[in-house]
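For reference, the structure discussed in these notes is given below.
The values are calculated or read from the model by the stated rules, or taken from the named source; none is laboratory data. Just so you know, these numbers come straight off a predicted model, no measurement behind them. We place every Cβ from the backbone using ideal geometry, glycine too, and count neighbours over all the protein chains shown.
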Amino acid sequence: MSALAPRWRKVVRDLSSHRFRTLLVVLSIAVGVFAITVVMGGRGILLREFEAVYAASAPATVSFTVDAADAHVVRAVERFEGVRFAEGRRTLAVRYTEGEQPETASSAGWDTLQVRAMPEFERSRMDLVTLESTGSFPPAPGELFLERSVNMVADYAVGDVVSVETPAGARVLLRVTGIVHDINAFPATFVATATGYVSMDTLRLLDQPAHFNEIHLIAEGAPTRAEASRLATAIRDDVLMARGVRVLQTSVPEPGSHFLGDIFRAVSLLLLALGVLSLALSGFLVVTTVQAIMAQQVSQVGIMKAIGGRADQVMRMYLVMVAVYGVLAVAVGLPIGAVAGHWFTGYAADLLNFRITSYAPPPYVVALGVAVGLAVPLLAAFVPVRLGTRISVVRALNATGMSGASFGHGLIDRALGLVRGLPRPVALSLRNTFLRKGRLALTLVTLTLASAVIMSVMSVQSSILATVDEVDMWDFDAQMWFAVPQGREAVERIASRVEGVVAVSGMPEYRSVFTRADGTESQPIDVIGVHPESDFVAPRISEGRWLAPGDRAAIVLNADVAKDEPELTVGSSATFNVLGEGREFEVVGVVTAGLMGPVGFAPVQHVDSITGGTGAITRLQLRATSSDPWEQARIARVVERRLEERGVPVAFAQTAADQREQVANQLGILVTFLAIMGAILAAVGVIGLTGTMTINVLESTREIGVMRAIGASHGSIYQIFVTEGVVIALIAWFFGVLASYPMSVALLDMLEGAMGLPLVFDYAWSGMGIWLAAVTAIAVLASLLPAFRASQVSVRDAIAYE
Amino acid sequence: MPNERQTGSSALVSLRDVVKVYDTGEVPFTALRHVDLDVRSGEFVGLIGKSGSGKTTLINMITGIDRPTAGEVVVGDTPVHALNENQLAMWRGRTIGVVFQFFQLLPTLTVIENVMLPMDFCAMYSPAERPERAMHLLEQVELADQAHKLPSALSGGQQQRAAIARALANDPPILAADEPTGNLDSKTADAVFHLFEELVEAHKTIIMVTHDTDLATRVRRSLVVSDGEITDETIHRPRAERTGL
C-alpha cells in the first residue's frame, strides 16, 4: 500500500471504506454477469451437449417399418450402395403396470410400453442407448431395460417387476434389470408411453415372432434429407419389395435434427433473447450506479482539480475504481453463475431427456461474463465519469449536498407543485422522486425493461397455454385405440351402454405417406376418417375450409403436415399411399391443430371406401356425464373392460386431460424456462431499485439530517423513502405495461419462427395485476434497507456530511 | 483610497477589467464589475467584505477555479484566463496553493497522503522524496505526530493546518485562502494566521479572503470588496513595526 501513489490509495480506500456502496455496486454488476453466465452458459452447454450426445447416439438416416424381414434382408440392405450399416429390430406396443398382477385382473388403465428388441445390443452401431444403472447388455430373457424418462412420470428401479399384457392378451412378468438412456426415444413425459428394451429371446415370451418389423440404416457420408429420401426409395423398391417385404412406412428425418429440435430451438432462442435483455439491464444498472457515485464524489473531484489534478488523471482514478468493481463482480458473479448454470442446465437436460457429459461453460461464455463484468461497466461508466470529472472546479466545490436547488423549474416539477392535499411526507417523497431526473430516467429504463420482460414472459406463458387449447381440436373426454380394426357398430354399442357415457364416436385411422413431386416420401401421416358434421371435432381453420357433407376425396391437414410439406397447399391434389395403394386427395383446408404429429382428416365414408368398405374403426372417442377427469378416467376403464370382455382388446387409452397434459408438458418446458428467466430478471430489478434507493439515501443525508432536526420520526423517514421506492416502481410498471405488449408479440413471433407452429397470442392481462402487486412488494422490500439506514442517520453527522 | 490601482512590472498577480456574470435563471447576477488589481510578490493581501460581496469570486479568478466573463487575469507570465481546464489544473498545482474554509481534505486519505497528493498529480519531486517532503511540511505546521491519521480524527484547526501543508506541497509562490479561519475558534484562527505570517516572511505571496476585521488589520494590505468592486484599500504597518521588534 505504501508503494502506491496517494491517488491510487484514495481509490483503494474509497472502495474499502464505503463497503456497503461497494457491495451494492459489485452486486449490481455481478447480477448482470450472473444472468449472462446462467442464460448464455446454459444455452451454450445445452447446445453443445445436445449436439454431442445426439451425434454420439448415431441416429439412423432411414427407418423402414415392414411387415416381416429376416437377417438376410437386413444384410441385403446393408450391401446396397450408399448404405454404411443396417440393423433389424422388432418393436411392439404392450400394456404394462407395476408389480405382479393376478392373471384375472383387467388391464384397463394400464400404461403403454413401447418394447424394442434387437439381436445384438452390445454390437449395435446406431440409435445407441447408454446403460445408466447396474447391469449389462443384452438383457437376459425375461428381463427388461427401461428408458430413464419413465421415471419422470413413475418410479421404477432395478429389481422391480412389471406385468405386461401382450397384444394378444397374454400376461407376462418381466424384471427390470437396467435403466438406460435413449436420446432417440420419445420421453415418457411427452407421449405417455414408456420405452423398454428386451432381447430377441424375450420376444418369444411376448408371443412375438422372431423376425424384424423395422430396418434402420445409416447412409454413407452425410446425405441431405432429399438424398436420403432417394436412397430410401431405391432400397424400398430394389431390395425390400423385390424380396417380397411389404414396407408399411419409411421415415427419413432431417439429418441432425432431433424430434425435440423445434422445442429445443425455441428454448435456445428464448435464452438468447433473454441473455441480450439481461445484458442491456445490467448495462443500465451500471450506468445508474456509476452516475450516482460520480454525483457523490463531485466535491472531491473539485478538490482534486483545485490542488492540481487534471481531468484525465481524475478520470483514470474513477475508471480504475469501476474496473475494480468489475473485477470483484466477475469474481462473484461468474462462479455463482456457473453453479446456477450447472443446476439450470441439469434441470433442462432432464426435461429434454438427455445427458450432460460436461458442465464446463463454453469459453465464449466465460469471455462474455468477463466482458460484461469489466467492459460493460467501463463503457457504461465512461460518459458519467467523463461528465463528472469535466465539471468545473467552482461548480464542484459549490456542490453542497442539498440537492433540491434544481427542483421547481421543469414542467413535471410545476405539475407536482400543483398537487394539493397529500400528506406532507408523501408530497416530499413524490417531489424527491423527480429531484434527480437523470437518475430517475436511468432507474426507470432499467425497471421498465425488467417489468416489460417479466410481463412479456407471462404473456408468452399464457399464449403457450392458449395454444395448448387451440391445438386440441377434439371434443371428447376419453379415447382409445385398437391394435386391429374393429367393427364400428359393435364397439359403439358396447361403449354407449356403459353408465356415465353420453356419446361415442368411432373413427378409422390409417398410416399413410405423401409422395412428393420428386418421388420421395413424406413422414407418416395419419389419415383419420371423420363425419364432417361430427360434434366430436371442433376444427379451427387457419387456411381453406373444413370438410363439407358432400366431400369425397377431400382432406384437411393439420399444422404439422403444413409445416413439413410446403407442396401441400390448399387447392392442390396430392397422392397419399394408404394401405399400400396410392390415393388422390384434394387438400381443402389446414387446421391450427399441432403437436399431435402429422395428421390429415378425410370424410369417413371415403376412408371406409378406400380401406375396403368394412366400416371398421381403430379409434373410439367418448364423452362422459361427468366433467371430473378422475371420473372420466374411471368411466374409460369401465369401457375398456367391457370391450375386453367382448373380445375387443384396447391397445392404448387416454383421457382428454391426459392428452392435454402431454401437449402442455412439451410446451411446458418453455413455460418453465420462461419462469426461471423471469425470476432472474426480477432479481436484477430488485438489486437495481435497492441500489438506486440506497444512493438516493446517501445523497439525501443532509436533507434527512435537516428533517430529523425539525422533528421527523423514524416512521416518517421510513415512509418517505418507501413511498419514493413505490412511486418509482409504479411508474416503471406503467411504462412496462406499455412496452410489454409489443415485446410479447415480438417474443411470440420468434418462438413461432423457431418452432414452426402457429402460437395463439394471448396477452396476460392478469400478469399486469400480478406484476403490479409484485413490483409494489419489491419496491417496499428494496426501500426498507435504505430507509433503515436513513433512519439511523444522526443529525450531527448528517449536517457535517460532505 | 477606493479603486487605487497598483501597477508595475513587479506585479505577480494582475487582474485587468475583470467582469464575472452568473446566469442564475431569470436575472443574470454580476459578481465582479470591471475589477483591476495587482499583487506584488511577497505581499500578504486580505480581501474583506460582506457575504455576497464578490470576494470569493475574486479569489477564484486568481486561482483559476472560476473564469472571468470578461477581462484578463495574469499570474507571473501566465494568462490564466486563456488556459484550458487541464492546463489550469497543472498550472494551479504548481503555482498556487489553495486553502478552503472547510479544509476540504480528502476523507479517505491520511493527513500525509493528502499532503502528497498534489506532488503526485503534478509529478513534482520523485516518489521517494514525497513522503519526506510531506513530513517536513507537517512538521512546519506542527502536525508530524498526526501524519498517519485520517482527517476525521483531527480537530478543525489541525485539519486547516494540514490543508495549509497540502497547499505548500509543490512549493508554490502563491497561497490563496478563502476564509481559512472562518470555521475555527479565535485561538485556533490566530494560530493559523500566525502560520500565514511566517510564510509571508518566507517570501510567499498570500491572498486571503476573510470577513474577520481584526485579522484584516494584521495583513500588509487589505482590500474591501463590495457589490463586485474593490471599494477601499488599506496598507497596514508590517508586523515587526506593530510589535516594536
- request: Among the residues of the range A:526-558, count how many are under 21 Å from A:Pro485 (Cα atoms) and of a type in the set (S, T, N, Q).
  value: 1
message: Which residue is nearest to the other protein chains (Cβ to nearest Cβ), if the candidates are limited to the range B:50-77 and must be more than 15 Å from B:Leu12 (Cα to Cα) and β-branched (Val, Ile, Thr)?
response: B:Ile65
field: Residues of the range A:16-50 satisfying the condition of being crowded, with 19+ Cβ neighbours inside 10 Å and within 14 Å of chain B (Cβ to nearest Cβ)
entry: A:Arg21
message: Against the conditions (1) surrounded by 18 or more Cβ atoms within 10 Å (Cβ to Cβ); (2) more than 28 Å from B:Val18 (Cα to Cα), where does B:Glu179 fall short? Just the number, please.
response: (2)
- line: The number of residues in the range A:111-127 that are surrounded by fewer than 16 Cβ atoms within 10 Å (Cβ to Cβ) and aliphatic (A, V, I, L, M) is 0
statement: Of (1) more than 14 Å from chain B (Cβ to nearest Cβ); (2) touching a residue at least 24 places away in the same chain (Cβ under 8 Å), A:Asp237 satisfies every one except (2)
- prompt: Under the condition of being surrounded by fewer than 16 Cβ atoms within 10 Å (Cβ to Cβ) and under 30 Å from A:Ser716 (Cβ atoms), which residue from the range A:733-779 is nearest to the chain's Cα centre (by Cα)?
  reply: A:Ala773
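Kindly indicate whether A:Gly519 is at pLDDT 85 or above, in a loop (DSSP other than H, G, I, E, B), at positive phi and of a type outside the set (Val, Ile, Thr).
It is false that A:Gly519 is at pLDDT 85 or above, in a loop (DSSP other than H, G, I, E, B), at positive phi and of a type outside the set (Val, Ile, Thr).
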Pairs, first under 18 Å from A:Ala679 (Cα atoms) in the range A:328-347, second surrounded by 23 or more Cβ atoms within 10 Å (Cβ to Cβ) and charged (D, E, K, R), C-beta under 6 Å, six or more apart: none
- request: Return a yes/no flag: does the range B:137-145 have any residue that is within 22 Å of the chain's Cα centre (by Cα) and polar (S, T, N, Q).
  value: yes
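Let's see how each residue does on (1) at pLDDT below 85; (2) more than 30 Å from B:Ile62 (Cα to Cα); (3) more than 14 Å from every other protein chain (Cβ to nearest Cβ):
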| site | (1), (2), (3) |
| --- | --- |
| A:Leu285 | yes, yes, yes |
| A:Thr289 | yes, yes, yes |
| A:Gln313 | no, no, no |
| A:Val327 | no, yes, yes |
| A:Leu334 | no, yes, yes |
| A:Phe344 | yes, yes, yes |
| A:Leu352 | yes, yes, yes |
- prompt: Quick one: A:Lys305 ticks every box in (1) touching a residue at least 40 places away in the same chain (Cβ under 8 Å); (2) buried (at least 18 other Cβ atoms within 10 Å of the Cβ); (3) more than 11 Å from chain B (Cβ to nearest Cβ) bar one, so which box is it?
  reply: (3)
message: Being touching a strand residue (DSSP E or B) at 6+ places or on another chain (Cβ under 6 Å) and closer than 22 Å to A:Ser609 by Cα is the requirement here; does A:Val484 meet it?
response: no
query: Is it fair to say A:Arg7 is basic (Lys, Arg), in a helix (DSSP H, G or I), more than 9 Å from every other protein chain (Cβ to nearest Cβ) and in contact (Cβ under 8 Å) with a residue 40 or more places away in the chain?
result: no
- prompt: For the range A:291-311, how many residues are part of a helix (DSSP H, G or I) and modelled with pLDDT of 85 or more?
  reply: 8
message: Being among the small types (Gly, Ala, Ser), within 30 Å of A:Glu645 (Cα to Cα) and not in a helix (DSSP H, G or I): is that true of A:Ala68 here?
response: no
query: Can you find even one residue in the range B:195-211 that is within 14 Å of chain A (Cβ to nearest Cβ), surrounded by fewer than 19 Cβ atoms within 10 Å (Cβ to Cβ) and under 24 Å from B:Asn60 (Cβ atoms)?
result: no
- request: Pick out, from the range B:82-182, the helices (runs of 4 or more DSSP H) lying fully within it that include 2 or more residues that are touching a residue at least 60 places away in the same chain (Cβ under 8 Å) and more than 8 Å from chain A (Cβ to nearest Cβ).
  value: B:156-167
- prompt: Right, A:Val599: touching a Ser or Thr at 6+ places or on another chain (Cβ under 8 Å) and under 18 Å from A:Val537 (Cα atoms) or not?
  reply: no
field: Any pair with Cβ under 6 angstrom, 6 or more apart, that starts in the range A:131-154 at a residue that is crowded, with 16+ Cβ neighbours inside 10 Å and ends at one that is of a type in the set (Asp, Glu) and assigned to a helix (DSSP H, G or I)
entry: A:Phe137/A:Glu122
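Mind listing just one residue for me: the one in the range A:580-622 that is within 32 Å of the chain's Cα centre (by Cα) and in a loop (DSSP other than H, G, I, E, B) and, of those, surrounded by the most Cβ atoms within 10 Å (Cβ to Cβ)?
A:Gly594
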query: Here are some conditions: (1) within 13 Å of chain A (Cβ to nearest Cβ); (2) more than 18 Å from the chain's Cα centre (by Cα). B:Thr30 meets all but one. Which one does it not meet?
result: (1)
message: Anything in the range A:349-367 that is assigned to a helix (DSSP H, G or I) and touching a helix residue (DSSP H, G or I) at 6+ places or on another chain (Cβ under 6 Å)? List them, or say none.
response: A:Leu351, A:Val365
message: Being surrounded by fewer than 13 Cβ atoms within 10 Å (Cβ to Cβ), over 33 Å from the mean Cα position of the chain (by Cα), hydrophobic (A, V, I, L, M, F, W, C) and modelled with pLDDT of 90 or more is the requirement here; does A:Ala242 meet it?
response: yes
